[in-house]
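The block underneath contains the structure these notes are about, expressed in structure tokens.
The values are calculated or read from the model by the stated rules, or taken from the named source; none is laboratory data. Keep in mind the model is a prediction, meaning the values are calculated, not measured. Note that each Cβ is placed from the backbone with ideal geometry, even for glycine, and that neighbours are counted across all protein chains shown. Protein only, heavy atoms only, side chains kept; ligands, DNA and RNA dropped before computing areas. Shrake-Rupley method; radii C 1.70, N 1.55, O 1.52, S 1.80 Å.
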Amino acid sequence: MSTTTLAPAPLSTQDAEALVEAARVAAEAAGVTVAVTVLDAGGHPLAFRRDDRAVLIAGETSTRKAYTALQLNAPTADLVDAVQPGGPFHTLPTALDRPLLFIAGGVPVHRDGRLIGAIGVGGGAPEQDHGFASTAVANLTRH
């Protein structure tokens, strides 16, 4: 009997495009213009979309939110308090070469209990961005 366990399938380009589309549809339904970034488990971009009416900084914030969620394997919404003065990660936002962004809107993506990537949404209020990203991840895991 083999004790080898197979790794879950990595996040594919098709998965990434489905995440972007689901987040876009959720944002559009709410009347919010956003940018969406999807990264694979190595932090490499798989998909990106910025609504042409979204604020320009939304592209950068969506990417940094996805990167932060990936690196810490947690939704950025859950990490906001950790970087406040006195929090355990207070110096983390400026400690690395590639800045992390502790604003809600980044969500890790798991398959079979393993981290396979992350999505970041920027352009709306932080709570809205988190909702759009979470909706996209929930939609992907249902299929």
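Mind checking which residues of the stretch 51-71 are open to solvent by less than 70 Å² (accessible area, probe 1.4 Å) and aliphatic (A, V, I, L, M)? Can you show your working first?
Initially, the stretch 51-71 is screened for residues open to solvent by less than 70 Å² (accessible area, probe 1.4 Å), giving 51, 54, 58-59, 61-63, 65-70.
Selection gives Ala54, Ala58, Ala66, Ala69, Leu70.
Any idea which of (1) modelled with pLDDT under 95; (2) out of contact with any Pro (no Cβ under 6 Å at 6 or more places or on another chain) is the one Ile119 doesn't satisfy?
(1)
Going by what's in this entry, would Leu101 be described as open to solvent by 40 Å² or more (accessible area, probe 1.4 Å), closer than 19 Å to Gly43 by Cα and among the aliphatic types (A, V, I, L, M)?
Details: open to solvent by 40 Å² or more (accessible area, probe 1.4 Å): no; closer than 19 Å to Gly43 by Cα: yes; among the aliphatic types (A, V, I, L, M): yes.
When the stated conditions are applied, Leu101 does not pass them.
Does the stretch 9-24 contain at least one residue that is more than 19 Å from Asn139 (Cβ to Cβ), touching a helix residue (DSSP H, G or I) at 6+ places or on another chain (Cβ under 9 Å) and not small (Gly, Ala, Ser)?
First, pick out the residues of the stretch 9-24 that are more than 19 Å from Asn139 (Cβ to Cβ): none.
Taking every residue of the stretch 9-24 in turn, none turns out to be more than 19 Å from Asn139 (Cβ to Cβ), touching a helix residue (DSSP H, G or I) at 6+ places or on another chain (Cβ under 9 Å) and not small (Gly, Ala, Ser).
Tell me yes or no: at least one residue of the stretch 38-50 is within 19 Å of Ser134 (Cβ to Cβ) and open to solvent by less than 10 Å² (accessible area, probe 1.4 Å).
yes
Any idea which of Ala16, Ala82, Ala74 is open to solvent by 10 Å² or more (accessible area, probe 1.4 Å), at pLDDT 95 or above and among the aliphatic types (A, V, I, L, M)?
Answer to the selection: Ala74.
Here are Arg98, Arg114, Arg49: which of them is basic (Lys, Arg) and touching a helix residue (DSSP H, G or I) at 6+ places or on another chain (Cβ under 6 Å)? Reasoning before the result, please.
Values: Arg98 fails: touching a helix residue (DSSP H, G or I) at 6+ places or on another chain (Cβ under 6 Å); Arg114 fails: touching a helix residue (DSSP H, G or I) at 6+ places or on another chain (Cβ under 6 Å).
Result: Arg49 is the single residue among Arg98, Arg114, Arg49 that is basic (Lys, Arg) and touching a helix residue (DSSP H, G or I) at 6+ places or on another chain (Cβ under 6 Å).
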